[in-house]
Amino acid sequence: MGRTPSVLLAAAAVALVTAAPLAAQMTRGEAPLTAKGAVTIGPVASVNFPTGDTGDGVNTGFTAGGQATYGMGNFAAIGEVTFNTFSSDSELEANGMAFDAGGRYSLNLGEKLGLYIGGVVGLWTGDFDSDFDIVPLAGIQLGPVDIEARYKGLLGDAQWFSAGAAIHFKLK
């Protein structure tokens, strides 16, 4: 138990040392994200609002994870790994991992602004019982922040609408 503060201090120091180079690589708009050959990674997070039968069993939840993109002009391929969780009024919760891939088509509106539409195909595991789905998405890139809306529930049993954000760091 005495090592916990030193471990946390060491983790904070590593985060600070690595944050500065990453901040220098932060994308500033849609154009750097979709440029041919561009590779980005970054964290994603969203608030999930259950709909349909899913809304009968669980309350609002959240998603947290990571995303990678590969730019191909006005199109970017997307790959994600996320953790999804929902609470409920009873002791039941719904938790699981999602693995999805897809793409987004962008309309660049300037150096730091862009609109996009797209979708991902994914597999949700854990309490979602290997739920396969196609998820449409739409968003806006405002400088370094990517704000997005999604709907999960076209094919799978679990259904929710999500509002989320991502930040992309350019690797290439």
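Read-outs: derived from the displayed coordinates by stated rules, not from any lab. Predicted model, so just to flag it, every value in this text is computed and none were measured. Cβ coordinates were reconstructed from backbone atoms using ideal geometry, including for glycine residues, and neighbour counts include every protein chain displayed.
See the values below:
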| read-out | value |
| --- | --- |
| L123, sole failed condition from (1) within 16 Å of S46 (Cβ to Cβ); (2) surrounded by fewer than 19 Cβ atoms within 10 Å (Cβ to Cβ) | (1) |
| Residue, nearest to D157 (Cα to Cα), within segment 51-108, restricted to residues that are β-branched (V, I, T) and without any contact (Cβ under 8 Å) to a residue 60 or more places away in the chain | V58 |
| Selection from segment 66-82 of residues that are in contact with a Ser or Thr (Cβ under 7 Å, 6 or more places away or on another chain) and under 15 Å from S162 (Cβ atoms) | I78, T82 |
| Some residue of segment 153-160 being surrounded by fewer than 14 Cβ atoms within 10 Å (Cβ to Cβ), touching a residue at least 40 places away in the same chain (Cβ under 8 Å) and out of contact with any helix residue (DSSP H, G or I) (no Cβ under 9 Å at 6 or more places or on another chain) | no |
| Test: G139 is within 16 Å of V120 (Cα to Cα), touching a residue at least 40 places away in the same chain (Cβ under 8 Å) and crowded, with 17+ Cβ neighbours inside 10 Å | no |
| Residue list for segment 118-160, filter: β-branched (V, I, T) and part of a strand (DSSP E or B) | V120, V121, I134, V135, I140, V145, I147 |
